[in-house]
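Input: a single structure, listed below in structure tokens.
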Amino acid sequence: MNRNAWMPLFVFVILLGIAGARLGQPEPPLPSALEGKPLPAFSLPLLAGEGRLTPDTLKGRPAILNVFGSWCAACVAEHPIWAEVGKRVDVYGVAWLDEPAKTRAWLAERGNPYKAVGVDKDSRFALDMGVAGAPESYLISPEGRIVAKVPGPVTETVWKETLLPALEAMK
Amino acid sequence: MIAEAGHFALILAAVLALVQAAAPGLAHLFRRPGIAGLTGFAAAGQAVAMACAMAALIHAFAVSDFSVRVVFENSHTAKPMLYKVAAAWGHHEGSLLLWAALLSAFGGVTALWNQGLPGGMRLRVLAVQGLVSCGVLAFLELTSNPFDRLSPAPFEGRGLNPLLQDPGLAVHPPLLYVGTVGVSVAFAFAVAALWSGRIGPGWARAVRAWTLIAWIFLTAGIALGSAWAYAELGWGGWWFWDPVENSALMPWLTATALLHAVRGVERRGGAEGWVVLLAILGFGFSLLGMFLVRSGVLTSVHAFAADPLRGVFILALFGLIEGGALALFAVRGHRLSGRIAFAPFSRDGALLLNTVLLIVATGVVLFGTVYPLLAEVLGIGRISVGAPFFDATVLPLLSPLIALMAIGPLMRPGRDSPRRLLRPAGIVGGVGLLAAAASAAWGGWAAAGFGLAAAVAAGTVLLLWRSRRSLTRRGLGMAVAHLGVAVAIAGMTGGSQLADEAIARLPVGGSLVLGGRSFTLAEVRAVPGPNYIATRARVTGPGGLALTPETRRYENPPQTTTEAAIASTPLGDTYAVIGEGGPDGAVLRMFSKPLLPWLWASSVLMCMGGGIALFARLPRLRRRER
Amino acid sequence: MTRRKQRLILIGGGLAVLAVAVALVLSALGEALTFFYGPADLLSRADAAGRRVRLGGLVEPGSLMRDGATARFVVTDGKAEMPVSFTGVLPDLFREGQGVVAEGRLTPAGFVAETVLAKHDEKYMPREVAEVLKKNGEWRTAQ
């Protein structure tokens, strides 16, 4: 038996052990940098009527903030769910990078499930929130903290398995 | 229902892989040689089934079938067709499916091509390939099924990352995969040799040919990846010692070593154990690359699947395949090694030393790549190992290798004497020293780089001149590839040591000076693109040179990309990028990269050299068998 | 030359290469490694000054300022803040309030970065940044 021939296996087993040790401590999925934090200060003009959408508008009851735009195809797919969700919790919309006239036409065609819609034409709000793309939705606690963030469309599954349980837990 | 058909093909392939792995053993066990005949059919069938599965996935992407989860996550109707198709392998599941499909394809081709091998060896090779396929397909099916459906089907997909929409990025992963997977054939041959305890004459020829194929694709893939990073990332660099880049470099270095070591075995025998070990390590590095990338254990700009469960599975797979092969090597490796039939001072001796240098350099790259992991486990702290480490370790190791590469081919195989070598070594060394002296003004690294490049070129030309009457195509292939290395070293040295850089925030009409040349920011304006708005600058320089670097702002998802403008001449590149800017001015950053285009030319030379050597093999094989 | 002697030369050559490699690696480990710190760690380490390190954290919202081709911003981990200056083109994904990794040196005038890496969405947040933030309690999971 040649002792040298065992060396590669020996080195390999050590390396494998190290890699295994690293994998032994898996990380929890990374949450949003903002989850658990208070909403950043913002003040958006309302799409309809006078006044502004601010964190204070949302306070006192749980709320959902939904970032959408008339240019966003996935928002069309997502849209019907808000009428349903709106029965359980206040849903506010943020029309991102969009002309108010286009947003109005879009909502007129598909129905307006939002309690109020803020206009974020120049992306100030989206930058503060770190919005990656539309649609994106946030569940906000009565104290104005961000409880959960859903990048991408909210589907039946996401609503039932993520947002609804979190909402129940708050009550 | 094409996706379901694809899924079915995937399962079928896994079953066939099992048959392929087990048939030779069963035939032996039940003393029914007939069963072994299934092996080749299973290998071919598996290749066809996997091709169908891959085609099904590509189809789902081409028609934007968003009911398939990975299509929804990674594609979009607004993508051009090329990127829809390329998106099929631009994510975890798809890239793994492509990897597995290539593995099966290599298995199928081995079954068809290597009919000339002794039957026992051929069956063993196929069985090992079947075993590897089994593992990879099980991983796909159990943790990463690419044909998962979504219900209800979404209306539109989410994958529209403009950063990833680049022709280079669409083509480069498949090429690299062909290369890394190609190394698996040499691995199968190595394990089969350990299993049977014998290495026949056909073995070395087959291993060399397969390794050469893998090496050509690895070379092309790495070159394209570097060219992409150079053109798209806007940092003026082309190699960042990123873990993903290293994971392609390590199989390349090992394949290069294997290619040279197996040459010795083919010619006169000796060091068989070393060749087998290199083949096992080569595929190990391919698997390691998959592990590093797919499990996200290392922080890396490319890692796109951070899923610990998959990591555990890959690690177990890796341990079984590679650990099993190394254990077999430990127990039986010594049986293979014949007597070393050459003196240390000979072409074979130099070749062997070079393979050792290559493997040690690979080991250093491996160490640097996994050291952050090691430091974390040992509690040293969070560390990143970057270019300074690799430059300080890998370059000093590769320099003697390059020097040996200049002189080694001029030595006689078997045995040589220092006295006979004096004259050729003097010529090669003289040319090298002249070049080094001529470039000494640019500093020590430039002198070393240009000196070595000139020495390799001189040595290769001298070799071609000497063997001008007896030049084989294989010799020609080697010479072309070696010339490619010389050109590559010159390009790398010029592009780094002679490079210059300037940055300034300029108003429109303002200028900056780069390496004695003055460049003016002539204009900055907004240009609408198909799904983005570009801020495009026009930069004018001496000799009517005009560059138009851009930044592009996409709306959905909102993202900005940098488009560098590169003006290439054979003597070098002028490279410009702009940062934030408006109609009145912008941040302008410019590089001059002398000789850098030589690097891309060198990769063409190397691949060409490999191709010439590869096709030289076929007629020769026939002649010997007659 | 006997076979035994030849074998010894070959093995000796291999070992010599290995020894050189180990020496190179050890010397490079002392100099060429880049440690990763958050602002609080960096300030508490006397030995970090002047060395090449990576600094990770969040870009403090409202802190980005431009001065010609030089960008100045503040990196925070919730405990401490570190002013950073960087001459160059900021990466495409650089945003205030987002994770960032700056590689460079700590000087008396603050941190001078040679490269800046940024990632936009938390999905792509550099793991190193996430860990620093977690360590300092800046990072909270839902529930």
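Side notes on the structure shown:
- In this structure, residue B:352 qualifies as within 9 Å of another protein chain (Cβ to nearest Cβ), open to solvent by less than 40 Å² (accessible area, probe 1.4 Å) and under 30 Å from residue C:28 (Cα atoms).
- A single member of B:163, B:169 is open to solvent by 10 Å² or more (accessible area, probe 1.4 Å), within 14 Å of another protein chain (Cβ to nearest Cβ), at pLDDT below 80 and part of a helix (DSSP H, G or I), and it is B:163.
- Scanning the stretch A:86-102 for residues that are outside any helix (DSSP H, G or I) and not acidic (Asp, Glu) yields A:86, A:87, A:88, A:89, A:91, A:92, A:93, A:94, A:95, A:96, A:97.
- Residue pairs meeting the criteria (Cβ under 8 Å; at least 6 apart or on separate chains; first within 11 Å of another protein chain (Cβ to nearest Cβ) and open to solvent by 30 Å² or more (accessible area, probe 1.4 Å), in the stretch A:134-158; second in a helix (DSSP H, G or I) and not acidic (Asp, Glu)): A:147/A:166; A:147/A:170; A:151/C:123; A:155/A:81; A:156/A:81
- Criterion: farther than 30 Å from residue B:320 by Cβ, in a helix (DSSP H, G or I) and at pLDDT below 80 - qualifying residue of A:83, A:105, A:21, A:74: A:74
- Against the test of being within 12 Å of chain A (Cβ to nearest Cβ) and either at pLDDT 80 or above or under 24 Å from residue B:207 (Cβ atoms) (or both), the options B:273, B:264 yield a single qualifying residue, B:273.
- Pairs with Cβ under 6 Å, 6+ apart, first in the stretch B:351-370 and within 13 Å of residue B:393 (Cα to Cα), second assigned to a helix (DSSP H, G or I) and of a type in the set (Ser, Thr, Tyr): B:358/B:256; B:362/B:254; B:364/B:393
- Candidates B:505, B:517, B:589, B:553 - the one that is touching a residue at least 12 places away in the same chain (Cβ under 8 Å) and within 14 Å of chain A (Cβ to nearest Cβ): B:553
- The stretch A:108-123, residues that are out of contact with any Gly (no Cβ under 8 Å at 6 or more places or on another chain), of a type in the set (A, V, I, L, M) and crowded, with 20+ Cβ neighbours inside 10 Å: A:119
- Put simply, of C:61, C:91, C:108 the only residue that is modelled with pLDDT under 75, out of contact with any Phe, Trp or Tyr (no Cβ under 7 Å at 6 or more places or on another chain) and under 29 Å from residue B:581 (Cβ atoms) is C:91.
- So residue C:86, is it modelled with pLDDT under 80 and away from chain A (no Cβ under 14 Å): no
- Boolean, residue C:97 is assigned to a loop (DSSP other than H, G, I, E, B) and over 22 Å from the mean Cα position of the chain (by Cα): no
- Within the stretch A:83-102, residues that are small (Gly, Ala, Ser) sit with their Cβ atoms under 7 Å from residues that are exposed (fewer than 14 other Cβ atoms within 10 Å of the Cβ), at 6+ positions apart or across chains, in these pairs: A:83/A:111.
- Identity of the residue in the stretch B:391-413, in contact (Cβ under 8 Å) with a residue 24 or more places away in the chain and within 13 Å of chain C (Cβ to nearest Cβ), that ends up nearest to residue B:246 (Cα to Cα): B:394
- Of residues in the stretch C:28-82 being of a type in the set (A, V, I, L, M, F, W, C) and in a loop (DSSP other than H, G, I, E, B), the one nearest to residue A:40 (Cα to Cα): C:64
- For the stretch B:21-56, the set of residues classified as at pLDDT 95 or above and of a type in the set (S, T, N, Q) consists of B:46 only.
- Among the residues making up the stretch C:23-37, those that are at pLDDT 80 or above, more than 12 Å from residue B:388 (Cβ to Cβ) and either at the interface with another protein chain (Cβ under 7 Å from one of its Cβ atoms) or surrounded by 15 or more Cβ atoms within 10 Å (Cβ to Cβ) (or both) are C:24, C:25, C:37.
- Comparison of B:422, B:404, B:378, B:398 shows that the only residue that is open to solvent by 40 Å² or more (accessible area, probe 1.4 Å) and in the same structural domain as residue B:489 (by TED's automatic domain parsing) is B:422.
- When the criteria are applied in full, residue C:76 fails the requirement of being within 11 Å of chain B (Cβ to nearest Cβ) and either within 30 Å of residue B:576 (Cα to Cα) or modelled with pLDDT of 80 or more (or both).
- Residue match in the stretch B:218-229 (condition: open to solvent by less than 10 Å² (accessible area, probe 1.4 Å), free of Cβ contacts under 8 Å to residues at least 24 places away in the same chain and assigned to a helix (DSSP H, G or I)): yes
- Filtered residues of the stretch C:1-18 (kept if within 7 Å of chain B (Cβ to nearest Cβ) and modelled with pLDDT of 85 or more): C:17, C:18
- Taking the stretch B:1-110 and the helices (runs of 4 or more DSSP H) fully enclosed by it, the elements with 3 or more residues that are surrounded by fewer than 21 Cβ atoms within 10 Å (Cβ to Cβ) are at B:2-29, B:33-36, B:38-62, B:81-86.
The values are calculated or read from the model by the stated rules, or taken from the named source; none is laboratory data. All values reported here derive from a predicted model rather than from experimental measurement. Virtual Cβ from ideal backbone geometry, glycine too; neighbours counted across all protein chains shown. Each accessible area value is taken on the protein alone, full model and side chains, heavy atoms only, with ligands, DNA and RNA left out. Shrake-Rupley method; radii C 1.70, N 1.55, O 1.52, S 1.80 Å.
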